[in-house]
Amino acid sequence: MRPPLGRLIGRILQVVGLGAALFYLVETALDHWVGFGEAGVRLSVLPLLVASVLTVATYGFLVWVWSRSLRWWNQHLTYGPALRIWFVTNLARFIPGTVWQFASLTTEALAHSISAVAATAAMLFQQLVLLGTGIALTLALAPGLLGDRAMVWPPSVMLAAVSLAIVGAIILLPVVTPVLERWTSRLLRREVAWPTPGRAELALYILGLVLPWLVYGVAFWLFGLGTLGSEAPPLALAVCAFTASYVAGIIFVVAPGGLGIREAALVAALAPYT
């Protein structure tokens, strides 16, 4: 039985995207191979340990935010089962074909007696907000990443624009909720109900999802310190490059879990400074 044309095209795009990203990574590694050897790796235990703790803690925080947001759909889930569902579902992201992530989420949700529609909607909503806050943070820190190329965007102007964008999202999100419901339901071919929290609660939720980007960025910076020492990128650059690369992985949906895309984007962001 031949696969539908749309699925076949999706698989081809996955192969092309992953192939291009891997080719870029290999080509960059070969071009800088001598530099890698000269730089060397000087392991420092303390920064690596702190980076690991921050990464695990931030992962746990994201699970907690997701489990708490289920209340907007009148669902309740304790932290232990939420951690299991999140972990298993995120592993399924790396299997080619987005259907596996949502199939896994549906199975796990039903096994823990919560609505699969609510679990899916809460996860999609969190990913949407993370994407928005990630883009906003990248723009705010763009001068640190682009250097002299970003002088047309003074940091104060960028911060003001990002702040206005976040305020606009808080105001407009409840208005566009019906459109999002129709779009995601059509995309996933299942009913998806978006939440309608109060604006104060929504503002806290959105601002709370800025924090993981910052902490993950700090962890990445510490990882650089723990492996490269004084050759590691500065803090602002590390946070911006990490956030921008992860956002690229989210946007490039044809790559399972953004695999290869994030790494290629990270190399592209940091290559001019190495």
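The values are calculated or read from the model by the stated rules, or taken from the named source; none is laboratory data. Nothing here was measured: the structure is a model prediction, and the numbers come from that model. Cβ sites come from the backbone with ideal geometry, for glycine too, and all protein chains shown count toward neighbours.
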Read through the list (1) of a type in the set (Val, Ile, Thr); (2) over 19 Å from Phe242 (Cβ atoms); (3) at pLDDT 80 or above, then give the number of the only condition that Thr138 fails. (2)
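If you check Leu187 against the conditions, is it assigned to a helix (DSSP H, G or I) and either modelled with pLDDT of 85 or more or of a type in the set (Lys, Arg) (or both)? Working first, answer last.
Working: assigned to a helix (DSSP H, G or I): yes; either modelled with pLDDT of 85 or more or of a type in the set (Lys, Arg) (or both): no.
When the stated conditions are applied, Leu187 does not pass them.
Return the residue satisfying two criteria in turn: it lies in the range 66-78 and is in contact with a helix residue (DSSP H, G or I) (Cβ under 6 Å, 6 or more places away or on another chain) and modelled with pLDDT of 90 or more, and of such residues it is nearest to Ile250 (Cα to Cα).
First pass over the range 66-78, keeping only residues in contact with a helix residue (DSSP H, G or I) (Cβ under 6 Å, 6 or more places away or on another chain): 66-67, 69-70, 73, 75, 77.
After this cut, where a residue has to be modelled with pLDDT of 90 or more as well, the list is 66-67, 69-70, 75, 77.
On the way: Trp66: 17, Ser67: 21, Ser69: 21, Leu70: 22, Gln75: 27, Leu77: 26 Å.
Per the criteria, the residue is Trp66.
Before we move on, is Ala20 small (Gly, Ala, Ser), assigned to a helix (DSSP H, G or I), closer than 26 Å to Phe252 by Cβ and at pLDDT 90 or above? Lay out the reasoning, then the answer.
Details: small (Gly, Ala, Ser): yes; assigned to a helix (DSSP H, G or I): yes; closer than 26 Å to Phe252 by Cβ: yes; at pLDDT 90 or above: no.
Judged against the criteria, Ala20 is not a match.
Quick check on the range 89-98. Is at least one of its residues at pLDDT 80 or above and of a type outside the set (Gly, Ala, Ser)?
Applying the first criterion (at pLDDT 80 or above) to the range 89-98 yields 89.
Now drop any that are not of a type outside the set (Gly, Ala, Ser), which leaves 89.
Yes, there is a match, as at least one residue in the range 89-98 is at pLDDT 80 or above and of a type outside the set (Gly, Ala, Ser).
Here are some residues: Leu46, Leu30. Which one is more than 23 Å from Ala264 (Cα to Cα) and either assigned to a helix (DSSP H, G or I) or modelled with pLDDT of 85 or more (or both)? Walk me through it before giving the result.
On the way: Leu30 fails: more than 23 Å from Ala264 (Cα to Cα).
Matching residue, one of Leu46, Leu30: Leu46.
Got at least one residue in the range 206-214 being closer than 17 Å to Gln127 by Cα and either hydroxyl-bearing (Ser, Thr, Tyr) or modelled with pLDDT under 75 (or both)? Show your work before the answer.
Filtering the range 206-214 for residues closer than 17 Å to Gln127 by Cα gives 206-214.
Those left that are additionally either hydroxyl-bearing (Ser, Thr, Tyr) or modelled with pLDDT under 75 (or both): none.
The answer is no, given that none of the residues of the range 206-214 is closer than 17 Å to Gln127 by Cα and either hydroxyl-bearing (Ser, Thr, Tyr) or modelled with pLDDT under 75 (or both).
Do the conditions hold for Val167, that is, is it modelled with pLDDT of 65 or more, at negative phi, assigned to a helix (DSSP H, G or I) and buried (at least 18 other Cβ atoms within 10 Å of the Cβ)? Quick ask: steps written out before the conclusion?
On the way: modelled with pLDDT of 65 or more: yes; at negative phi: yes; assigned to a helix (DSSP H, G or I): yes; buried (at least 18 other Cβ atoms within 10 Å of the Cβ): no.
No; evaluated as a whole, the condition is false for this residue.
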For the subset of the range 58-73 comprising residues that are of a type in the set (Gly, Ala, Ser) and free of Cβ contacts under 8 Å to residues at least 60 places away in the same chain, which member is nearest to Ser115 (Cα to Cα)? Ser67
Residue pairs qualifying under the 6 Å Cβ cut-off, at least six apart or on distinct chains, with the first in the range 41-57 being surrounded by fewer than 13 Cβ atoms within 10 Å (Cβ to Cβ) and the second being not acidic (Asp, Glu), are Val41/Thr227; Arg42/Gly229
Members of the range 209-235 found to be assigned to a helix (DSSP H, G or I) and over 17 Å from Leu54 (Cβ atoms), listed by number: Leu228, Gly229, Ser230, Glu231
